[in-house]
Amino acid sequence: MQILIVEDESKLAYALQQGLEEEGYTASVALSGEEALRWMERSTPDLVLLDVMLSKRNGLSVLREFRRDGFHSPVLLLTALDSVEDRVLGLDAGADDYLVKPFAFPELLARVRALLRRTTTTPQSALDLANLHMNLTGRTATRSGVALELTSREFDLLEYLMLNRGRVVSREMLTRDVWKETMRYTSLDNVIDVQVARLRRKIDDPFEPKLLHTVRGVGFVLRED
């Protein structure tokens, strides 16, 4: 997978490049919007990481030109601007997702994986881990053949954890991707912890092996130890 990083802070740009390449991606750096546009004339990346606050040319104008030129691959905006209006402007300009600076590199990787999955795989109809099975079409779940009575929110939470199985997901990721909350004055951490505890009772308490684990101070992971 080829990723283009458009970021005028060279230290950050090359740190992202190194991190992505260590994860097995091919990454290139453009230190300005003009350089990115010239790069796109020669090649088509599978995903673009695009800084909004570029020094010479606003990242949103670069994004609009990408889209006018027929570039359809996903674009993840990197921005220090976190108001609702700023996010709406970015999404309306053609962005697929955004990440507010400063960010944790594992969250960047999770968002990169999610965006690439949308373009490289067909939607899954079922998910399995050990003896846990989810039917996404019928929105049902079983463990060792026993039906699990899940609320709609619990099902969505379990699906997200299954899609990221083996990877730690943070409460911030769950807030954005499951609860769909992008702007709150109060944290959802307590709500998320309660929902995770309820889900754990349903999918783990009566069964072995235990699958849903808490990583203290970081988040949660669904895995078979």
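Every number here is computed from the coordinates shown, using simple stated rules; none is lab data. Bear in mind that the values here come from a model prediction, so they are computed numbers and not experimental data. Glycine also receives a Cβ, built like all others from the backbone with ideal geometry; neighbour counts cover every protein chain displayed.
Placing unit charges on the Cβ atoms only, positive for Lys and Arg and negative for Asp and Glu, gives the range 2-120 a dipole magnitude near 220 debye about its Cα centre.
Order these by the 10 Å Cβ neighbour count, fewest first: 180, 210, 202.
On the way: 180 8, 210 14, 202 18.
The order, fewest Cβ neighbours first, is 180, 210, 202.
When 48, 6 are sorted by how many other C-beta atoms sit within 10 angstrom of their C-beta, beginning with the fewest, the order is 48, 6.
Beta bridges per DSSP, both residues in the chain: antiparallel share near 50 percent. Amide H contacts for residue 103 (H built 1.01 Å from N in the peptide plane; partners 5 or more residues away or on another chain; cut-off under 5 Å): none found.
Taking the fewest neighbouring Cβ atoms within 10 Å as the starting point, the ordered list for 162, 1 is 1, 162.
Figure the gain on full extension for residue 189 and residue 140 (residue separation times 0.36 nm, minus the Cα-Cα span) and round it to one decimal in nm. Mind dumping the intermediate values first?
Working: separation 49, 0.36 × 49 = 17.64 nm, distance 2.62 nm.
Once the chain is fully extended between residue 189 and residue 140, it gains 15.0 nm.
The HN-Hα couplings worked out from phi for the range 83-89 by the Karplus form 6.51 cos²θ - 1.76 cosθ + 1.60 (θ = phi - 60°) are 7, 4, 4, 5, 5, 4, 4 Hz, whole numbers, x standing for Gly and Pro. Couplings 3J(HN,Hα) for the range 209-225, derived from phi with the Karplus relation 6.51 cos²θ - 1.76 cosθ + 1.60 (θ = phi - 60°), are x, 6, 10, 9, 10, 9, 9, 4, x, 10, x, 9, 9, 9, 7, 9, 5 Hz, where x marks Gly and Pro. What would the Debye equation give as log₁₀ I(q)/I(0) for the range 126-222 at q = 0.10, 0.12, 0.19 Å⁻¹, counting only Cα atoms as equal point scatterers? These q points yield log10 I(q)/I(0) values of -0.25, -0.36, -0.89. A dipole drawn for the range 126-222 from +1 and -1 charges on Cβ atoms has a positive end, and of 152, 203, 190 the residue lying farthest that way is 190. In a reduced charge model with +1 at each Lys and Arg Cβ and -1 at each Asp and Glu Cβ, the range 59-127 shows a dipole moment near 280 debye about its Cα centre. Its Cα centre serving as origin, the chain has a Cβ charge dipole (Lys and Arg +1, Asp and Glu -1) of approximately 420 debye. Estimated from helical segments only, the mean residue ellipticity of the chain at 222 nm is -12500 deg cm²/dmol, where each DSSP H run of four or more residues counts as -39500 (n - 2.57).
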